[in-house]
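Please read the structure below before turning to the comments.
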Amino acid sequence: QGQLLAKSWSSLFEGQSGATTRGPIYSFNGRNILTDPLWPRRLAWHGSTPRGGRARRRDCQGWRGSGTDEGMATPLGQGRLLAGHRHNCSTP
């Protein structure tokens with residue numbers, strides 16, 4: 001939609017100034033995920049470690065609907081995209 005998400009690529013991942021999203025951020029079907037009720041937790045799911053590697057068994061890859069599988073995700077607007085926390089894969 002032509003909006004700037006961050007001042008630089010590194011600011012998205014390293015938490016530099018300007019990394020906090022000021023919105024809107026659109027889903028592939030055009031919904032603003034920062035305000036849409038279909039996105040109540042507003043998480044960026046990435047399955048990565050803070051250094052950018054794959055978080056083994058924390059990427060929801062084997063998830064099939066319900067259960068206790070966990071994946072790495074970060075709340076949007078935090079300023080450090082890969083500073084993730086474990087979240088249940090069943091949670092939207």
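The values are calculated or read from the model by the stated rules, or taken from the named source; none is laboratory data. What you see is a predicted model, and the numbers here were worked out from it, not measured in a lab. Every residue, glycine as well, gets a Cβ built from its backbone with ideal geometry; the counts of neighbours run over all protein chains shown. Quick note on the areas: whole protein, heavy atoms, side chains included, nothing else; ligands and nucleic acids left out. Shrake-Rupley method; radii C 1.70, N 1.55, O 1.52, S 1.80 Å.
Using a 1.4 angstrom probe on the protein heavy atoms only, could you order THR68, THR35 from most to least accessible area?
Final ranking, largest accessible area leading: THR68, THR35.
How many nm separate the modelled label positions at LEU34 and SER10, each set 7 Å beyond the Cα in the direction of the Cβ?
Calculated label separation equals 2.5 nm.
Quick one: what are the phi-derived ³J(HN,Hα) couplings along segment 47-58, Karplus 6.51/-1.76/1.60 with θ = phi - 60°, whole Hz, x for glycine and proline?
x, 10, 7, x, 8, x, x, 6, 8, 4, 6, 9
Keeping all protein chains in the complex and leaving out DNA, RNA and ligands, what accessible area do you get for LEU4 with a 1.4 Å probe, in Å² to the nearest 10?
140 Å²
So how far apart, in nm, are the two label points at THR68 and GLN3 if each is 7 Å from Cα heading toward Cβ?
It is 3.9 nm.
Please arrange ARG42, ARG51, ARG86 by accessible surface area, largest first, computed with a 1.4 Å probe and ligands excluded. Could the numbers behind the result be given before it?
On the way: ARG42 65, ARG51 225, ARG86 135 Å².
The residues order as ARG51, ARG86, ARG42, largest area first.
Need the full-extension length gain, TYR26 to TRP45, defined as separation in residues times 0.36 nm minus the C-alpha distance. One decimal, nm.
Full extension of this stretch gives 5.4 nm more.
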